Amino acid sequence: MKRDALLSTLLGLACLAAWETAVRVGHTSPLVLPAPSVVAQSLWQGLSSGYLGPHIAHTLTEVVLGLLLGASMGFVGGVVLGESARLRGVLMPYVVISQVVPKLALAPLFIVWFGFGTLPTVVITALICFFPLLENTATCMQQVDANQLELFRMLRASQWQTLWRLKLPAGLPNIMAGLRVAVVLAWVGAVVGEFIGASRGLGALIIAAQGSMDTPLMFAVLTVITVLGLAFYKMCEWLERRLLGTSSHLSQRTTS
């Protein structure tokens, strides 16, 4: 595990070194492609001056709120659809339709409905990130081992006990996989939502940097988004390890 992390870090450093070398040897204009050193300088100036801080905090708020809303909707909806085949057959086409419609096309409507500010971006973020968790949860609810289900029926377990003691622990890896995807998509949703009608946030800052032809700042903001998104993903992995350990302990107690 440590060796993989080291190799991954070395690969990233090698890519940055190759990028820096290519820009300097090719004398590429920073307006077209800034060198990593120029991007790092722009990032440091933005952080040290406090310019980036409010934008980072604003986007973080939208990501967290959108993720909480979308993940809650996805998990609860996945459990409901997984437990009822009829509801799944009736509602699933509409769930798919909600994902097929481009969220960028809906953004102007959300601004009309909810006004400018945080709420439209939170709604867009929730709509983008809820589907992976819903689909994975609903699917794993229907793929529980038939022998284990029969054992719970023989033990006269209630539907709630079967769900809590068997289906959710058995489906936890797939549920957490859906959450990891949702975490990544939450950042996409927040930034895309800020592209339209937002005056604050990292997405709005990208548009502003594009308008002023400040390419190093654009790359600096993209770096911040990448780092924060990766941090969220790693936190999700840590949570998964903790929950899987707890689930394994619970399964052992139930079996005994």
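The values are calculated or read from the model by the stated rules, or taken from the named source; none is laboratory data. This structure is a prediction, so every number in the text was calculated from the model and none was measured. Glycine gets a Cβ as well: all are built from the backbone with ideal geometry, and neighbour counts include every protein chain shown.
Here is a check on your reading of the model: is residue 253 at pLDDT below 85 and part of a helix (DSSP H, G or I)?
Working: at pLDDT below 85: yes; part of a helix (DSSP H, G or I): yes.
Answer is yes for this residue.
Quick check: is even one residue across the range 31-41 surrounded by 18 or more Cβ atoms within 10 Å (Cβ to Cβ), of a type in the set (Gly, Ala, Ser), part of a helix (DSSP H, G or I) and touching a residue at least 12 places away in the same chain (Cβ under 8 Å)?
Among the residues of the range 31-41, not one is surrounded by 18 or more Cβ atoms within 10 Å (Cβ to Cβ), of a type in the set (Gly, Ala, Ser), part of a helix (DSSP H, G or I) and touching a residue at least 12 places away in the same chain (Cβ under 8 Å), which makes the answer no.
Please go through the range 90-147 and pick out each residue that is more than 18 Å from the chain's Cα centre (by Cα) and of a type in the set (S, T, N, Q).
139, 142, 143, 147
Considering every residue within the range 106-121, establish whether at least one is within 18 Å of residue 204 (Cα to Cα), of a type outside the set (A, V, I, L, M) and touching a His at 6+ places or on another chain (Cβ under 8 Å).
The answer is yes; a qualifying residue exists.
In the range 42-77, which residues are under 27 Å from the mean Cα position of the chain (by Cα), hydroxyl-bearing (Ser, Thr, Tyr) and assigned to a helix (DSSP H, G or I)? Quick ask: steps written out before the conclusion?
Here is the first cut: in the range 42-77, the residues under 27 Å from the mean Cα position of the chain (by Cα) are 42-44, 46-47, 50-77.
With the extra rule that they be hydroxyl-bearing (Ser, Thr, Tyr), the set shrinks to 42, 51, 59, 61, 72.
Correct list: 42, 59, 61, 72.
Looking at this structure, is residue 246 surrounded by fewer than 19 Cβ atoms within 10 Å (Cβ to Cβ), of a type in the set (Val, Ile, Thr) and either under 19 Å from residue 122 (Cα atoms) or modelled with pLDDT of 85 or more (or both)?
no
Among the residues of the range 42-53, count how many are surrounded by fewer than 17 Cβ atoms within 10 Å (Cβ to Cβ) and under 14 Å from residue 225 (Cα atoms).
Taking the range 42-53 as the starting set, the residues that turn out to be surrounded by fewer than 17 Cβ atoms within 10 Å (Cβ to Cβ) are 44-45, 47-51, 53.
Narrowing further to those that are under 14 Å from residue 225 (Cα atoms): 47, 53.
So the answer is 2.
If you check every pair at least six apart or on different chains, which have Cβ atoms under 6 Å apart with a residue in the range 212-231 that is closer than 17 Å to residue 195 by Cβ and in contact (Cβ under 8 Å) with a residue 24 or more places away in the chain first and a residue that is part of a helix (DSSP H, G or I) and aromatic (Phe, Trp, Tyr) second?
229/187
Where the second residue is surrounded by 10 or more Cβ atoms within 10 Å (Cβ to Cβ) and not small (Gly, Ala, Ser) and the first is without any contact (Cβ under 8 Å) to a residue 40 or more places away in the chain and lies in the range 8-19, which pairs have Cβ atoms under 7 Å and are six or more apart or on separate chains?
16/36; 19/36
Taking residue 184 as meeting all but one of (1) crowded, with 19+ Cβ neighbours inside 10 Å; (2) touching a Phe, Trp or Tyr at 6+ places or on another chain (Cβ under 7 Å); (3) farther than 17 Å from residue 47 by Cβ, write down the number of the exception.
Exception for residue 184: condition (1).
Please count how many residues of the range 208-235 are in contact with a helix residue (DSSP H, G or I) (Cβ under 8 Å, 6 or more places away or on another chain), surrounded by fewer than 18 Cβ atoms within 10 Å (Cβ to Cβ) and under 20 Å from residue 38 (Cα atoms).
Qualifying residue count for the region: 3.
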